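Q: Provided herewith is a single structure, encoded as structure tokens, for subsequent inquiry.
What follows draws every value from the coordinates through simple rules; no lab data is involved. What you see is a predicted model; the values in this text were computed from it and never measured. So basically every Cβ, Gly included, is an ideal-geometry build from the backbone, and we count neighbours across all protein chains shown.
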């Protein structure tokens, strides 16, 4: 038999279940703590939590997230644009270097083609020309009617002298 001073097993469990929940000084409880919801605890129902947050908090948080997202997108766009422009500058620099090389090459080729030795070689070999000597120059006298048509009415009229083609008839 049990006396009134001896606790029974059932009374031990009852006291343990009736023990008031331990309040945390910061107001938050751990997930494993299972206590009855009270007006001072934050682990109440969703409706209680909604009432506890200020009215514009959700809108403010959404706005902040939206602004930060927009800033991130703008920064990524700016970085992408900088990289595109860098690639374009590299491409244009390469093209400029190629054009300058081609210009130098063409200037050297022009100087070679305009050199008197090259011109003499082309005239002799390709065109089969011979150098002009004074004894090969032939005089051609024009008729008076032809000179009048030329419009040379001023001053005394001398017969014009024009070199003839090599090997052509000589008029004296």
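Q: Along Cα→Cβ, 7 Å out, is where each label goes; now give me the distance between the ones at residue 111 and residue 79 in nm to one decimal.
A: Output for this residue pair reads 5.0 nm.
Q: Quick one: Debye curve from the alpha-carbon atoms of the stretch 57-118 only, equal weights, vacuum; give me log10 I(q)/I(0) at q = 0.14, 0.25 Å⁻¹ to two decimals.
A: For the stretch 57-118 at q = 0.14, 0.25 Å⁻¹, log10 I(q)/I(0) is -0.66, -0.95.
Q: Using a simple spin-label model with points 7 Å from Cα along the Cα→Cβ vector, what separation in nm is obtained for residue 136 and residue 98?
A: So the two model labels end up 4.7 nm from each other.
Q: Which length gain, in nm to one decimal place, applies between residue 70 and residue 144 when the Cα-Cα distance is subtracted from 0.36 nm times their residue separation? Display every interim value, and only then the final one.
A: On the way: separation 74, 0.36 × 74 = 26.64 nm, distance 9.43 nm.
Result: 17.2 nm gained on full extension.
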